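Reviewing the structure listed below.
Readers should treat all values here as calculations from the given coordinates under stated rules, not as data from a laboratory. A quick note: this is a predicted structure, and the numbers were derived from the prediction, not measured.
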Amino acid sequence: MEKVLIVDDIKDDRLLYRIILEEEGYEVSEAKNAIEALKLLDRQRFNIVLTDIIMPAVNGIELTRKITRNYPDIEVIAMSIYDSKFTALDALKHGASAYLIKPFTKEELRIAVGEVRRIRVLKIGSGHLDGIVALHKASKAIISDNPPDKILSYIMEVAVNTVRADGGSIMLIDKKSGDYVVKSSAGTFKEKVLGKKFRPGQRIAGRAIKLKRPVLVDNGVRSREWFKNMEKYEDIISGMSVPIIIRNEVLGTVNLKRTETKEEFSRRDVEIVDILAANAALIIENARLVS
């Protein structure tokens, strides 16, 4: 069972959040300030900390910084009454995974906690990959200095290098047209594919979007009817498409290929990229929040 620590100096707020999260099956503890929270963190193991920003003595930003430094496996969700991109940026730069503006709905809280829990589950399933955990912590800060396109380029670069791909792309869905558009690319035809639009259902990415789960191009997939008639742009030894999902909504896909590397992508490679895609979803959402 996931253990959540709620840190807020307002008793009624703590009680409300506790009721909501316990209904979702979380084991919940409370602290009325950051000092009390740090004492609890020394004695007990928590998975997620939900902290208010504005608190007496030690504020939530400082608490987030201490948690990130001393308890790197814990995910932090910051919350504040201030609808300010600067407050949000400060929390994210110091290690928070998400930011909630008070007052928020039960559904908003449930989704925020669910998203950071999903990343934890993916990490555990992949054996606590040190490089991916480090990326998750580092990636929260990059939105402060970079526009969305730069952020996607960073994610693309990390994805390619992490699983030794020869290239790839990140597609995001255009809500107006319904098309998905290549926003970042790497490898062969990098400049040619950038900005290219695809209709829903096309390519392996379309399949991943439809199914809301990763699709790996291996011998099993190649033998299926839906794959046989797909138009080929180049000879791909192995490929994958992993959906970027938040609030059960598909924002796009991370697509990777091997055209020169002879070894096919493994299921473990797909798990790694799934973690990256989950991070991408949070980063994109946070970037929208502070833009």
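Please state, as a whole number in µm²/s, the translational diffusion coefficient that the Stokes-Einstein equation yields for the stretch 3-125 at 10 °C and 1.306 mPa s, with Rh defined as the Kirkwood radius across alpha carbon pairs. The estimated diffusion coefficient comes to 112 µm²/s. Under a 5 Å amide H cut-off, with hydrogens placed 1.01 Å from N, G167 pairs with K257 among residues at least 5 apart or on other chains.
Annotation: amide H of L100 within the under-5 Å range of A78, M79, S80, sequence separation 5 or more or interchain, hydrogens built in the peptide plane.
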